[in-house]
1. For a protection proxy built on the mean count of beta-carbon atoms within 10 angstrom, sort B:26-35, A:394-403 highest first, please.
2. Name the residues whose placed amide hydrogens come within less than 5 Å of the amide hydrogen of B:G169, ignoring near sequence neighbours (fewer than 5 apart) on the same chain.
3. What net charge do the residues around B:R109 carry, taking every other residue with its C-beta under 13 Å from that of B:R109, with Lys and Arg at +1 and Asp and Glu at -1?
4. Classify the range B:130-277 as rounded, prolate or oblate, taking a ≥ b ≥ c as the square roots of the eigenvalues of its Cα gyration tensor: rounded when a/c is under 1.5, otherwise prolate if a/b is larger than b/c and oblate if not.
5. Please identify, among B:S213, B:S160, B:S55, the residue showing maximal mean-square fluctuation in a Gaussian network model of chain B using a 10 angstrom Cα cutoff.
6. Across the range A:776-783, in residue order, what do the Karplus-derived ³J(HN,Hα) couplings come to in whole Hz, using 6.51 cos²θ - 1.76 cosθ + 1.60 with θ = phi - 60° and x for Gly and Pro?
7. For the range A:454-469, in order, what is each residue's ³J(HN,Hα) by Karplus, 6.51 cos²θ - 1.76 cosθ + 1.60 with θ = phi - 60°, in whole Hz (x at glycine and Pro)?
8. Evaluate E = 1/(1 + (r/R0)^6) for A:S585 and A:R533, where r is the Cβ-Cβ distance and R0 equals 22 Å; express this FRET efficiency to the nearest 0.05.
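Coordinate-derived values only; no laboratory data. Quantities reported herein were computed from a predicted structural model and do not represent experimental measurements. Note that we place each Cβ from the backbone using ideal geometry, even for glycine, and neighbour counts take in every protein chain shown.
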Amino acid sequence: MTIEFGNPDRPNSYIGKTVPRPNAGRLVQGRGRYVDDIVLPRMVHVAFVRSPFAHARIAGIDANEAKSVKGVLRVFTGQDIAEVCTPWVAVLAHLKGLKSPPEYPIAVDRACWVGEPVAAVVATSRAAAEDGAALIDVDYDPLPVVTDMMSALDAETPVLHEDMGDNLAFRRLHEAGDIEAAFKSAHKVVSTRFRTARHTGVTLEPRSILVDWNPAEGQLTAYHATQAPHMMQTVLAEHLSVPESRVRVICGDVGGSYGIKVHVYPDEVATAAIAKIMSRPVKFVADRLESFTTDIHARDHEIEARIAVEEDGSITAMDIDDWTAIGAYSVYPRTSAIEGNQVVNLCGGPYDFKNYRAQTTVVFQNKTPTCQYRAVGHPIAVAITEGLVDQAAAELGMDPVEIRRRNMFRDDAYPVTSPANMRFEGLSHHASMNKLMELMDYDGLRAEQAELRKAGIHRGIGIASFIELTNPSPFMYGIGGARISAQDGCTVRMDPDGSVVALSGVTEQGQGTEAMLSQIVAEGVGVSPDKVRVITGDTQVTPYGGGTWASRGAGIGGEAALQSARALRESILTVAAAMLQTEQSRLDIRDGQVVDAATGESRMPLEELGRIVYFRGDTLPKGLPRELVQTRHFITSDYPFAFTNGVQASYLEVDIETGVVKLLKHWCVEDCGRIINPQLVDEQIRGGIVQGLGGALFEEIHYDADGQLLNGSMADYLVPMAAEMPDMVVGHVETPTKESLLGAKGAGEAGTAGAPAAVMNAINDALRPRGAQVTEMPFTPERILRALGVLED
Amino acid sequence: MKASVGGYARASDLRHALELLSGSGGLGRVLAGGQSLIAAMNMRLSAGDLLVDISRVSDLSGVSDTGERLLIGALTRHVEIAGNPLIREHAPLLSRAVQYIAHAAIRNRGTIGGALAHADPAAEFPACILALGATLHIEGLHGRRDVAAEDFFQDIFETSIGEGEILTGISVPKAEAGEAHLIEEVARRSGDYALAGLCLVKRAAGHRVALFSVGPKPLLARTAMTALDRGDVEGAAKALHDELDPPSDTQASGAYRRHLAQVLLRRAVARIEGATA
Ligand SMILES: Cc1cc2nc3c(=O)[nH]c(=O)nc-3n(C[C@H](O)[C@H](O)[C@H](O)COP(=O)(O)OP(=O)(O)OC[C@H]3O[C@@H](n4cnc5c(N)ncnc54)[C@H](O)[C@@H]3O)c2cc1C
């Protein structure tokens, strides 16, 4: 079974075309249904009392005054919730040595970060619950805090979790080749310290959950803004002791997730526990301050790194010492060791070199927990790698593009294994770089830069090659014992009028999953996309799947959809062949009609076939298979991950008197394999770039030495906004994966992976004539002026 | 968070508003454009207020020419300040400031009186009226009074508006022929409050320099003004360096803000010279 993807005029050629998004009309008409829009009979609201201390013993909780507030129904402490809900421990067996203490939905006797829930107030309205929460009197005994990353393991630093022995959550060292010898014999060695700031994902729709427990049926229904409904079904079932078959997670419209909504949050599980105790629907919607203090944070890393190069620019070695602090607990069930682990796996990714050493050290501290956020670890690894490569090029007096061309894996080198032991099936670094050079007119831009420099205008050009991990297999989480599905399924059925319904285990977070699925199913069956209704996000009706994470929706969920659609097509043709008294191989389905495969001549509309199968089955031969519904599941098995690649470029201007960076233009050429919907891919790349630019220039969560979060609002935590964004040019090279018929890899994180490094290199390219360099993100005007040495304190 | 409001009443005219305020037992709070107040209430930074909504008091809005001066009603919205022909002609500093204030939706609602009464040290209008030497008109149940801009701003978010009083408008002197108005600022993103900002007015009588986001209130840089009058730009920059002691926060340190003030001053002067050269 093959599809002639190369022929745009093939019948039903929807894969590879921009088709309208089926859910766009609903959303722009304000007909979306987010969790907060759902109102159930007898529904109540919960607000949480959150620790104002980064570390404190909870000596007592006095709720009397709160209970007298009009509308307040009940107050819960950690102990109350612990009676119906078991704690969790977020470790994975394949991350050897990773440790984390049991975590409860509401702190039981000790709060470990500012914002950790310490009590819950349930009331008839959110406002009344907040009034009550304000009156809860918690008696705290403040404890010593751990807030500095680099001294977390020092002997004099207090141990955050006594039972853990020390503040080390995880450490992994990877070594390949002979690093010491390589550095000793190197022509040049460049070392740098990098820093990436603590971020959070800032979803437009905050975290939201509404849980209903029906004791008569023993059924728990959670309406949840989540990326992974089946994972949440499993988690709620396990910790609230309900069979999985009786836990239904419904995930309707979701207003962005970026990884933020793929984790288990204590307040959300507490909401479910409260629903079970009170036997009535309970809603929790985080407000913006809660989002900043309790959504997972990410990317808080400090890195010492060095690179060894030969005179001709060839890289001989890289040595990376990465540190990250993950807050007070490893986050369930994906754990908080993955990001550091990714840095080890991804540094040096595009390059063919031999000697590699990387270590990540993951420590506990009294801050909001960190976990996976869009492009997990990639922006860090790419910044380190590309920063080093650029500095090496500068040392050698070599053009940054040239040094990359001399080191990138050749386009015909695949399959190949990297020094970090990542296996690449097929990448296109050189083709992508060539395309980028063309798109941006590199030489022209360099000439313009030189000309303007004479006039005192400081412009910079930055290049960043990258790899992106997509389509994960169970090697990511499953082998470590997490009940996180890497496989995904799709059920496709034909209704009597010939229209098609597809039920998929991947989810729609606003990224266009349903559009992508509709066109795959349309092509797979042979109907137009508007005839396909896609249903996602309901564990009671869709096949079991993993949902949205690690850029897997198109590659895994899309392939399951294609396989099930093709299977349905076969079932339809079996019936059609019987009805038309011909051979099945002589028939095809095109645009909702059974046609003669050779001539394209219509033989019967699907509607007629539906009528016969469903209402006049007596006229068909006895025993003829007549299932107009097919389910297929897909999992990758040849490679642990389908890597993609690409290269980005940034052109910008630095005002050396104010330190302000103006982004002038941005380019990305990427290779996500088969492109299913060009517009959706381009918008994923653009949106991803914007998030990466946010990290490069704006986003930084600040804490003081006591562990108090200092910027918990949209006025103080600066997300990238339209006015500062440059024009973006997106180009593609297509190297489909051979693991699937569809050939699609992921595209969701490439933009975020490469953008910060491109900007960093561009800024440093602009500053280089002045002898200055920045490597600490975000590159604020002040940091740039400090690098230039113009500020005196 | 959900706001916790003590009550709400819409005033039909100024007198009604003043009566509502005086009857509120000290809990009354004027609601104008709501662009600062509602945000504060939604964070429960302000709770229990009895809101007195003056947004429909029509005679507090609009701009009129009183001969020597322009009278600008307190309820005149940012977007109107930007577009009003009288202001563009006679007090261009104000209309130019608007491009730096927040975003279109906020400028459509926020009022100049609200911005001045709110007295955010990083806001543009307070520094503008200081540079222009405006007069503020304040009214209570027991009468009106006029306050010079230099006496109006007291501390961070504090002005000389007394309890039960309402700012009804401001008067600004009309620009003389040849007068130059400039506003310069640096913000992290367009629409953000400035990291530091500067207004420069050059009149026959001398220069006026007002800075914002460099201290607890907008500041008239008198030594720098005298230096500029002498034609000593570097002396003026040095005066800023010596006199300013800006605060540090998560966006920028005091040292950075002080440096920026000097850069902005040099740029503003250069732009005036460029324009007249
Ligand atoms: C996202 C965002 C960004 C912003 N950025 C900027 C910026 O860059 N620069 C800037 O200058 N501003 C900025 N603002 C604030 C904006 O300009 C507000 O409109 C202004 O500060 C307040 O005006 P208002 O009419 O909305 O006042 P309100 O919010 O209604 O009132 C503010 C305060 O003033 C009092 N008050 C209002 N009117 C009177 C009156 N006539 N007499 C007595 N007291 C009164 C109120 O009681 C309240 O205490 C921003 C606001 C937002 C939400």
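1. Values: B:26-35: 19.3, A:394-403: 16.5.
Highest-to-lowest ranking by the protection proxy: B:26-35, A:394-403.
2. Here the answer is B:A74, B:H137, since their amide H atoms fall under 5 Å of that of B:G169.
3. On the way: positive: B:R77, B:R107; negative: B:D53, B:E80.
Around B:R109, the surrounding residues sum to 0.
4. oblate
5. Sorting by GNM fluctuation, first place goes to B:S160.
6. Listing the rounded values in order: 10, 8, x, 7, 6, x, 5, 4 Hz.
7. 4, 8, x, 9, 9, 9, x, 10, x, 10, 9, 7, 7, 10, 10, 8
8. E(calc), rounded to 0.05, equals 0.15.
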